[in-house]
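Have a look at the structure below, then the notes.
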Amino acid sequence: MENAADALQMAAAVLIFVLALTIAINSFGQAREVAQVVLDYNDREYESTYVENNGSTKRIVGLESIIPSIFKAYRENYRIVFENMPSDFYLYEMKNEDGDFEKITEIDMETGTRLGTDEQKLKFIMALLYGEKIEDYYNENFNDIYHDMELKSGIHLKKEGIYDIMKTWKFEESIGVYYQEQASGENNITTPGVGTNTADSSVPETNMTEKRVITYTKI
């Protein structure tokens with residue numbers, strides 16, 4: 001009789017263990033699904049800032065779409081180009097090999113600046129966006145950033161940021177792709193799904209670095 005009672009207790013313990021294990025597995029599964037939903041949602045938000053899923057790579061946008069795209073230039077290998085702009089338009093000035101300052105009208109963190117660290121790049125982008133008003137959005141002084149950029153990277157920032165310059169403008173946004181190893185001109189830029197790059201190169205395509213270009217044409 002005593003053995004039967006012990007057996008029942010062992011069976012009950014095993015049943016409780018299996019039940020608890022099943023609940024734990026289900027809980028982990030649900031947690032993973034929730035996390036995946038959150039990640040997918042964030043991805044959709046991130047992607048939808050620059051292209052709508054409508055079979056086209058062009059749309060009419062304002063500054064609210066341009067600012068997230070500029071942050072892509074900071075975080076990823078993006079190039080931001082502005083076209084059909086006023087004749088006096090430029091984003092910043094950078095010292096060339098002759099010691100002269102050139103007016104720069106596009107954003108390319110890989111080739112368009114001499115900034116090394118992510119912190120420097122972020123300060124540069126924030127100053128580019130907000131100019132002297134940077135302290136309203138970022139805990140840095142514009143004059144400190146200006147002198148640091150001038151001294152270390154040969155960059156002259158503008159006091160008026162993109163936010164104030166473009167806040168009422170509208171643009172046609174288009175997206176293109178090219179390979180950095182074949183960057184010899186505009187003919188190398190292609191739109192996704194509309195052919196491939198035909199420029200000659202000794203670098204195998206699988207080893208090339210793909211670069212996205214977002215062009216904003218003022219309308």
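When Tyr90 is tested against the conditions (1) outside any helix (DSSP H, G or I); (2) hydroxyl-bearing (Ser, Thr, Tyr); (3) more than 30 Å from Glu210 (Cβ to Cβ), the lone failure is (3). Scanning region 90-128 for residues that are aromatic (Phe, Trp, Tyr) and within 18 Å of Gly161 (Cα to Cα) turns up Tyr90, Tyr92, Phe124.
Annotation: of all residues in region 118-176 being open to solvent by 10 Å² or more (accessible area, probe 1.4 Å) and polar (S, T, N, Q), the one that is farthest from Arg75 (Cα to Cα) is Thr168. Please tell me if Thr113 is crowded, with 19+ Cβ neighbours inside 10 Å and either among the hydroxyl-bearing types (Ser, Thr, Tyr) or in contact with a Cys (Cβ under 6 Å, 6 or more places away or on another chain) (or both). Answer is yes for this residue. Scanning region 35-58 for any residue that is open to solvent by less than 20 Å² (accessible area, probe 1.4 Å) and modelled with pLDDT of 95 or more turns up nothing. Return the residues of region 59-73 that are open to solvent by 20 Å² or more (accessible area, probe 1.4 Å) and touching a residue at least 12 places away in the same chain (Cβ under 8 Å); say none if nothing qualifies. Scanning region 59-73 gives Arg59, Ile60, Ile67, Pro68, Phe71. Look at region 99-123: where a residue is under 20 Å from Met85 (Cβ atoms) and a partner is outside any helix (DSSP H, G or I) and among the acidic types (Asp, Glu), sitting 6+ places away or on another chain with Cβ atoms under 7 Å, you get Phe101/Glu93; Glu102/Glu93; Lys103/Glu93; Ile104/Glu93; Gly112/Glu106. Return yes when Ile165 is under 16 Å from Tyr216 (Cα atoms), of a type in the set (A, V, I, L, M) and assigned to a helix (DSSP H, G or I) and no when it is not. Spelling it out, Ile165 is indeed under 16 Å from Tyr216 (Cα atoms), of a type in the set (A, V, I, L, M) and assigned to a helix (DSSP H, G or I). Whenever a residue of region 159-171 is closer than 16 Å to Thr105 by Cα, its partners that are surrounded by fewer than 14 Cβ atoms within 10 Å (Cβ to Cβ) and of a type in the set (Phe, Trp, Tyr), lying with C-beta atoms within less than 9 angstrom and at least six residues away or across chains, give the pairs Tyr163/Tyr137; Ile165/Phe89. Among the residues of region 54-87, those identified as within 22 Å of Tyr179 (Cβ to Cβ) and outside any strand (DSSP E or B) are Thr57, Ser69, Lys72, Ala73, Tyr74, Arg75, Glu76, Asn77.
So which of Glu150, Glu132, Glu172 is modelled with pLDDT of 90 or more and not in a helix (DSSP H, G or I)?
On inspection, the qualifying residue turns out to be Glu172.
The values are calculated or read from the model by the stated rules, or taken from the named source; none is laboratory data. As the structure is a computational prediction, the values presented were derived from the model and not from experiment. A quick note on method: Cβ atoms are made from the backbone with ideal geometry, for glycine too, and the neighbour counts reach across all protein chains shown. Ligands, DNA and RNA are stripped out before the accessible areas are found, and what is left, the full protein with its side chains, is counted by its heavy atoms. Shrake-Rupley method; radii C 1.70, N 1.55, O 1.52, S 1.80 Å.
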